[in-house]
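The structure appears right after this line, and notes come after that.
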Amino acid sequence: MNAKVLAGTRWVTDGGLETDLIFNRGLDLPEFASFPLVQDADGTAVLRSYYAEYAAVAAAAGAGLLVETPTWRANPDWGRVLGYDADRLDSAIRAATAFARSVAEGSEVEHARVSGVVGPRGDGYVAGGVDADQAADYHSGQVSSFASEGVDLVHAMTMTEPAEAIGVVRAARAAGVPVAISFTVETDGRLPDGSTLRDAIQAVETAAPADWYGVNCAHPTHVAPALDGGGWQDRLVFFRPNASTMSHAELDEMEVLDSGDRGLLTTSAAALREKAPTLAVLGGCCGTDSSHVAALWGVPVGI
């Protein structure tokens with residue numbers, strides 16, 4: 001393991017990329033996929049503007065910047081739906097990584113890293129009942145593409161069950177790249193497969209330990225019931241909350257953006273960080289934009 005990649009500072013990362021692009025910037029993202037934008041000049045310009053807002057937050061907060069690639073949907077199944085064969089998908093992932101590196105290197109932030117984002121094979125809100133070995137084989141292509149482009153780490157987000165997370169860790173170990181696992185939870189603090197967050201992390205720790213763990217795509221008030229004060233919480237480093245307190249099922253039905261109650265988001269996130277002080281990478285997820293992330297970091301909104 002190489003947890004030193006993120007040691008020594010706190011890290012700002014971005015917010016709800018896809019919801020921001022769709023609802024705030026008026027883009028059409030078929031299948032909720034943002035990775036095709038990196039192969040289009042106009043799309044790249046929008047992404048560069050988007051990430052620049054978070055670089056400004058990091059600079060204002062005196063924190064590091066973790067640039068996470070727009071590749072949550074860039075796996076074989078979703079790629080196939082979008083018309084990407086293996087070679088074209090590899091090219092898109094490499095382009096997304098090179099783009100993220102250019103953002104990191106072009107920022108005025110002293111410490112900047114690039115994270116290759118892996119999403120779940122299926123729906124981010126539904127457990128698929130996958131096998132860990134099959135998941136390792138499935139995700140190995142995307143992870144290898146990231147590794148070949150020199151990412152600082154791989155971050156699997158919105159994991160709904162331990163088995164797929166274990167597979168991603170195994171793929172990352174085979175590729176020789178550090179790896180973070182972020183699970184999502186429902187309103188009761190449990191994963192979509194019914195696991196507690198504690199048991200999910202312990203299952204990964206037993207089978208194939210990750211370098212870091214976290215939670216994304218859930219409001220802080222949904223994560224709070226998962227924290228029991230146990231030592232396992234010291235493994236939590238990443239936190240990317242939703243703006244909305246709605247359940248995943250309710251969010252799936254929404255046709256307008258729920259940008260949430262910013263005051264509740266910041267106070268509940270602060271309370272959560274008091275319970276889990278090891279949380280060092282802080283951004284947002286669905287419904288959040290740079291103004292939410294700025295508020296979470298306590299810096300002026302709209303820098």
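Among (1) without any contact (Cβ under 8 Å) to a residue 60 or more places away in the chain; (2) of a type in the set (V, I, T); (3) closer than 24 Å to D211 by Cβ, there is one condition T69 misses while meeting the rest; what is its number?
(1)
Do we have V143 as in a helix (DSSP H, G or I), free of Cβ contacts under 8 Å to residues at least 40 places away in the same chain, β-branched (V, I, T) and in contact with a strand residue (DSSP E or B) (Cβ under 7 Å, 6 or more places away or on another chain) here?
yes
Which of the following residues is at negative phi, modelled with pLDDT of 95 or more and surrounded by fewer than 24 Cβ atoms within 10 Å (Cβ to Cβ): G283, G231?
G231
Can you name the number of the only condition in (1) without any contact (Cβ under 8 Å) to a residue 40 or more places away in the chain; (2) part of a helix (DSSP H, G or I) that Q233 fails?
The number of the failed condition is (1).
Which of the following residues is surrounded by fewer than 24 Cβ atoms within 10 Å (Cβ to Cβ), under 18 Å from F239 (Cα atoms), in contact (Cβ under 8 Å) with a residue 24 or more places away in the chain and among the acidic types (D, E): E53, E31, E18?
One residue alone meets the criteria, E18.
Test A104 against the stated conditions and say whether it is touching a helix residue (DSSP H, G or I) at 6+ places or on another chain (Cβ under 9 Å), in contact (Cβ under 8 Å) with a residue 12 or more places away in the chain and either crowded, with 22+ Cβ neighbours inside 10 Å or more than 13 Å from V67 (Cβ to Cβ) (or both).
no
I want to confirm something. Restricting to region 1-18 and keeping residues that are assigned to a helix (DSSP H, G or I) and modelled with pLDDT of 95 or more, which single residue is nearest to A172 (Cα to Cα)?
Filtering region 1-18 for residues that are assigned to a helix (DSSP H, G or I) and modelled with pLDDT of 95 or more, the one nearest to A172 (Cα to Cα) comes out as L6.
Which residue, of G122, G176, G129, G83, is on the phi > 0 side of the Ramachandran plot and modelled with pLDDT under 95?
Being on the phi > 0 side of the Ramachandran plot and modelled with pLDDT under 95 holds for just one of G122, G176, G129, G83, which is G129.
For region 157-190, how many residues meet the condition of being assigned to a strand (DSSP E or B) and either closer than 15 Å to L236 by Cβ or among the β-branched types (V, I, T) (or both)?
Residues meeting the conditions: 8.
Of the residues that sit in region 34-50 and are among the small types (G, A, S) and part of a helix (DSSP H, G or I), which one is farthest from F239 (Cα to Cα)?
A41
Hey, among L264, L272, which residue is surrounded by 19 or more Cβ atoms within 10 Å (Cβ to Cβ) and in contact (Cβ under 8 Å) with a residue 40 or more places away in the chain?
Unique residue meeting the criteria: L272.
Does region 256-278 contain at least one residue that is out of contact with any Ser or Thr (no Cβ under 8 Å at 6 or more places or on another chain), at pLDDT below 95 and not in a helix (DSSP H, G or I)?
yes
Only one residue in A96, A74 is surrounded by 23 or more Cβ atoms within 10 Å (Cβ to Cβ) and within 15 Å of H139 (Cβ to Cβ). Which one?
Within the list A96, A74, the selection yields A74.
Quick one: count up the residues across region 56-71 that are in a loop (DSSP other than H, G, I, E, B) and buried (at least 17 other Cβ atoms within 10 Å of the Cβ).
4
The values are calculated or read from the model by the stated rules, or taken from the named source; none is laboratory data. Because the structure is predicted, anything quoted here is derived from the model rather than measured. So basically every Cβ, Gly included, is an ideal-geometry build from the backbone, and we count neighbours across all protein chains shown.
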